[in-house]
């Protein structure tokens, strides 16, 4: 355990939890690599998957790009349906089942893709799910949507992610603490550049914070 147990037990206590999906709840790195290898080189895949580990560049939500992404994420969903490996982190699933806090989930994948993977382990009932096209490809906008739609108090919300990009997009909310997990798409040293070290959680830290240990 890298953080003090008593502090960990308090960080999620009584909070509404908003989770990122890929890399936090779902172990989908190899799924993405295998899917993208059908039409991209290994170097381009690694570059694409590591983009979220640095500060994001400003981008526009162009309608034509949105239509392309709908096609891309539909085929990713289709591909995931035939994938044989387990796609959820077992310890994360167990911690989520044991925790009674309200939970929301946001993903840069489609809602259809997310709900399919959750349903495979009967986990869909634990989350209200927001996919890429609901949140317009930005977790900051997604958090705003979740908070306003469900009438949440910003001071009572915690966001849990595995990417630097999410952390930077969520800086529009000064009152929402963001915690990064170190088992996903980005490395601990990536997070140390943008958030305090005590906001970076190992799997054991996460289990304690969720009340599992």
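Observations on the structure shown:
- Cα-derived Rg over Rh, computed across region 92-204 with Rh taken as Kirkwood radius: 0.94
- Averaging 1/r across all pairs of distinct Cα atoms in region 34-146 and inverting the result yields a Kirkwood radius of 15.8 Å.
- Å³ per residue enclosed by the Cα convex hull of the chain: 122 Å³
- Neighbour counting of Cβ atoms within 10 Å sorts the residues 186, 7, fewest neighbours leading, into 7, 186.
- Distance from region 4-59 to region 189-213 (C-alpha centre basis), Å: 14 Å
- The chain, helix-only ellipticity at 222 nm - DSSP H runs n ≥ 4, -39,500 (n - 2.57), divided by all residues, nearest 500: -12000 deg cm²/dmol
- Taking other C-beta atoms within 10 angstrom as a stand-in for reagent exposure, 124, 166 fall in the order 124, 166, fewest first.
- With the simple spin-label model, which puts each label point 7 Å out from Cα in the Cβ direction, the residue 183 to residue 213 separation comes to 1.0 nm.
- Sorting 198, 155 from the fewest to the most surrounding beta carbons within 10 angstrom yields 155, 198.
- Additional length obtainable on full extension of the chain from residue 9 to residue 54, 0.36 nm per residue less Cα span: 13.2 nm
- Theoretical FRET efficiency, 1/(1+(r/R0)^6), r = Cβ-Cβ of residue 47 and residue 153, R0 35 Å, to 0.05: 0.35
- Alpha-carbon centroid distance for the pair region 154-170 / region 89-151, whole angstrom: 13 Å
Bear in mind these aren't lab numbers, they're just calculated from the coordinates by the rules spelled out. Predicted model only: the values in this text are computed from it and were never measured. With ideal geometry, Cβ positions are generated from the backbone for all residues, glycine too; neighbour counts draw on all protein chains shown.
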